[in-house]
Amino acid sequence: MIKINIICIGNLKEKYLKDAQEEYLKRLTRYASIKLIEVNEAKILSFDNAALIEKTKENEAVNALKFVKKDDYLVLMDLHGKELSSEDLAKGFSNLVSTNTRDIDIVIGGTLGLGESLLKRSNYRICLSKLTFPHQITRIILLEQLYRIFKINNNESYHH
């Protein structure tokens, strides 16, 4: 069974998001071993200090990379990544799974975005939308898309 680690900067606080997360994790157990890892999000003291923002993003990146093994395939959820349809995402995921024996790690950045060390280490970057979503909601969208990918690739009804 494929192993997917979802590394999230920040945690979920709202019950409705936790409920959605648990529902998709339950649905996904049939297809993959999914592990959610939460990394503390730094407190932002000022949005006016660019150097401090970059340092904060990099600290979060370093903390996230502690959970990425050397041979893992690393995917970033990134506003500057490639935008794909669900069908294209499913096809790419199927190709990755068939040619890859490594774990797949997916990182969702925090409020400030992704640090440079994560960007340099990544194997692939995906943009869910040109719209900006809070990272907590991005987590739910990602879980739903993973579920949709497995349904598409297994020719099961869900995707219309």
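The values are calculated or read from the model by the stated rules, or taken from the named source; none is laboratory data. Please read these numbers as outputs of a predicted model, since none were measured by experiment. Don't worry about glycine lacking a Cβ; one is built from the backbone with ideal geometry, like all the others, and counts go over all protein chains shown.
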Among the residues of region 1-23, count how many are more than 14 Å from the chain's Cα centre (by Cα), under 24 Å from LEU96 (Cα atoms) and in contact (Cβ under 8 Å) with a residue 40 or more places away in the chain. 1
Name the residues in region 89-116 that are buried (at least 19 other Cβ atoms within 10 Å of the Cβ), of a type in the set (Asp, Glu) and either at pLDDT below 95 or touching a helix residue (DSSP H, G or I) at 6+ places or on another chain (Cβ under 8 Å) (or both), would you? none
Can you pull out the residues in region 24-35 that are within 16 Å of the chain's Cα centre (by Cα) and either under 20 Å from GLY113 (Cβ atoms) or among the polar types (S, T, N, Q) (or both)? SER33
Looking only at region 45-53, decide whether some residue is part of a strand (DSSP E or B) and surrounded by 13 or more Cβ atoms within 10 Å (Cβ to Cβ). no
Within region 21-37, is there a residue that is farther than 20 Å from ASN154 by Cβ and in a helix (DSSP H, G or I)? yes
Sole residue being within 24 Å of ARG121 (Cα to Cα), of a type outside the set (Asp, Glu) and part of a loop (DSSP other than H, G, I, E, B), chosen from ASN11, ASN59, ASN63, ASN95: ASN11
Which one of these does LYS120 not meet: (1) crowded, with 16+ Cβ neighbours inside 10 Å; (2) over 21 Å from GLU83 (Cβ atoms)? (1)
In region 139-160, residue surrounded by the most Cβ atoms within 10 Å (Cβ to Cβ) [restricted to those that are hydroxyl-bearing (Ser, Thr, Tyr) and modelled with pLDDT under 95]: TYR158
Would you be able to say whether some residue in region 70-83 is within 19 Å of LEU143 (Cα to Cα), basic (Lys, Arg), in a strand (DSSP E or B) and out of contact with any Ser or Thr (no Cβ under 7 Å at 6 or more places or on another chain)? yes
Please specify each residue of region 83-112 satisfying the condition of being touching a residue at least 40 places away in the same chain (Cβ under 8 Å) and in contact with an Asp or Glu (Cβ under 8 Å, 6 or more places away or on another chain). ASP103, ILE104, ASP105, GLY109, GLY110, THR111, LEU112
Within region 104-126, which residues are part of a strand (DSSP E or B), in contact with a Lys or Arg (Cβ under 7 Å, 6 or more places away or on another chain) and not β-branched (Val, Ile, Thr)? GLY113, ARG125
Within region 132-160, count every residue that is more than 20 Å from TYR16 (Cβ to Cβ), part of a loop (DSSP other than H, G, I, E, B) and free of Cβ contacts under 8 Å to residues at least 24 places away in the same chain. 4
Tally of residues being modelled with pLDDT of 90 or more and touching a Cys at 6+ places or on another chain (Cβ under 9 Å) across region 126-138: 2
